[in-house]
Amino acid sequence: MTYSIDIINLVISKLINKQKITKISESVNISITTIYKWKCLYKDNIQNKTYINSNISTNIHGLNKKNKYIDTIKNYINNNEGSSLDKIVKEVTNNELSKSTVCRLLKENNISRIPSDDILIIYNT
């Protein structure tokens, strides 16, 4: 579901005021999981007591977050063939992207992965 910037800012305001996530969830009728995701996504806003505006609305669902890493991931794989998925997530994205998101990016860009002893080895095709 897509939420307006006003709703997200309302939740940010409640997080800034240290309200419990369960109470926020009940008051705005948004799942606890979504609020936790926003808490992580907007941690800088909460910490700095600032709100999001329409100029960054394209980042609301992290759409640009994964795309900002694709070139870096491609370069990393070209220079480190045989890299594990864990290394890519940790060293390239600094744990900002999940393993599943990195896997989707690799698949979308025709970069193969080969399972090897519970570690995914990434090869550029």
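Within region 1-51, if we keep just the residues that are of a type in the set (D, E, K, R) and touching a residue at least 24 places away in the same chain (Cβ under 8 Å), the residue that is surrounded by the fewest Cβ atoms within 10 Å (Cβ to Cβ) turns out to be 49. Residue 60 - would you say it is β-branched (Val, Ile, Thr) and modelled with pLDDT under 85? Answer is yes for this residue.
Residue under question is residue 84, and the condition is that it be farther than 23 Å from residue 41 by Cβ, modelled with pLDDT of 80 or more and of a type in the set (Gly, Ala, Ser); does it hold? In short, yes.
The values are calculated or read from the model by the stated rules, or taken from the named source; none is laboratory data. Quick caveat: nothing in here was measured; it's all calculated off a predicted structure. Backbone-built Cβ (ideal geometry, glycine too); neighbour counts: all protein chains shown.
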